Amino acid sequence: MSTRSNEILAGMNRAEKTELFHQLRSELGEPFPGIESRAGVAGGSMCIVRTRIPVWLLEHARRLGTSEADILKAYPTLRAEDLTNAWAYVNTHREEIDREIAENESDTPQ
């Protein structure tokens, strides 16, 4: 690795490095760790593994101002790592997540 690359990495915090890692992994064609889609679960939406919790739902809660701590309290099966994986997925699949949020908001009775 070049000296410049080392300097850039040294200037990044852990969250930024984690996001970079997930973006690189996605670009290399590897699936997102901890995120999966299963037929018949949450309409095929990408979910946190071991759960039926869709990524779009977590992102929607975050956009509404729910803190990560409150999300973890509301979903006791989730771990902080699950949220990190979800946010990385959201960052590289924003149009998909926006569409799913919009579709599910329109299904919600007013």
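Give the residue that is farthest from Arg94 (Cα to Cα), with candidates limited to residues of region 42-82 that are touching a residue at least 40 places away in the same chain (Cβ under 8 Å) and in contact with a strand residue (DSSP E or B) (Cβ under 7 Å, 6 or more places away or on another chain). Selected residue: Asp82. The residues of region 44-61 that are assigned to a helix (DSSP H, G or I) and at pLDDT below 95 amount to a single one, Gly44. Of the residues in region 91-100, at least one is of a type outside the set (Lys, Arg), surrounded by fewer than 19 Cβ atoms within 10 Å (Cβ to Cβ) and in contact (Cβ under 8 Å) with a residue 60 or more places away in the chain. Checking Asn85, Asn91 one by one, the residue that is in contact with a strand residue (DSSP E or B) (Cβ under 9 Å, 6 or more places away or on another chain) and at pLDDT below 95 is Asn85 and no other.
Here's the yes/no breakdown for (1) surrounded by fewer than 14 Cβ atoms within 10 Å (Cβ to Cβ); (2) modelled with pLDDT of 90 or more; (3) not basic (Lys, Arg):
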site: Glu16; (1), (2), (3): yes, no, yes
site: Pro33; (1), (2), (3): no, no, yes
site: Thr66; (1), (2), (3): no, yes, yes
site: Gln110; (1), (2), (3): yes, no, yes
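The values are calculated or read from the model by the stated rules, or taken from the named source; none is laboratory data. Fair warning: this is a prediction, and the values are worked out from it, not measured in the lab. Every residue, glycine as well, gets a Cβ built from its backbone with ideal geometry; the counts of neighbours run over all protein chains shown.
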